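To keep things clear, I will list the structure first and then write my remarks on it.
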Amino acid sequence: MRRRYIPDIVKQMADCEANYVRLMRLLPDFDNCDEREFEIHWQDQHSAVRLQVEERFTYTTTVRVSHLLAHDWLKAPCLLVRMYHDARAAEVICIVRGKQLRGVYQYPNMDMRHPDEKAQLNQYLGEWLNHCLNHGHVTEAVFSFD
């Protein structure tokens, strides 16, 4: 008999808190910046990640995280991330063009989601944000004081 999935709330909250810190490091001028793109060169691979602020409210901000691949044959998910400023947490709320994610899915299901789909996407987000911090370069022009 298969054991029922039980979410690890402590680990999930730790992932969300770490993702918030990573996003704030990637967008240090958060209040004045609506979009930032990072080029990533690692070994012989090249890609880019775009962070776009979709909505700003007093206690929350929604950011679209798009992975721009150099390959047409592999499409990475575009994630909508809700940042909760009072809780200092950021969680994936949905995959763009998809329904809002639930915390747990029954398995099997019609959408082919894993029982811990949301936890996996939050971990995926953290890995990409870390990759941007370690290997990414901002593609914005440098200011000139001429």
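Points worth noting:
- A simple rule links phi to the HN-Hα coupling: the Karplus curve 6.51 cos²θ - 1.76 cosθ + 1.60 with θ = phi - 60°, which for region 118-125 gives 5, 4, 5, 5, 5, 5, 4, 4 Hz, with x for Gly and Pro.
- Annotation: amide H of ILE93 within the under-5 Å range of LEU80, VAL81, ARG82, sequence separation 5 or more or interchain, hydrogens built in the peptide plane.
- Summing charges over all other residues whose Cβ lies under 11 Å from the Cβ of ALA90, with Lys and Arg as +1 and Asp and Glu as -1, gives 0.
- Within-12-Å neighbourhood charge of TRP128 [Cβ basis; K, R +1; D, E -1]: +1
- Electrostatic bookkeeping for ALA18 treats Lys and Arg as +1 and Asp and Glu as -1; over the other residues with beta carbon under 12 Å from its beta carbon, the sum is 0.
Every number here is computed from the coordinates shown, using simple stated rules; none is lab data. Keep in mind that what you see is a predicted model, and the values were worked out from it rather than measured. Don't worry about glycine lacking a Cβ; one is built from the backbone with ideal geometry, like all the others, and counts go over all protein chains shown.
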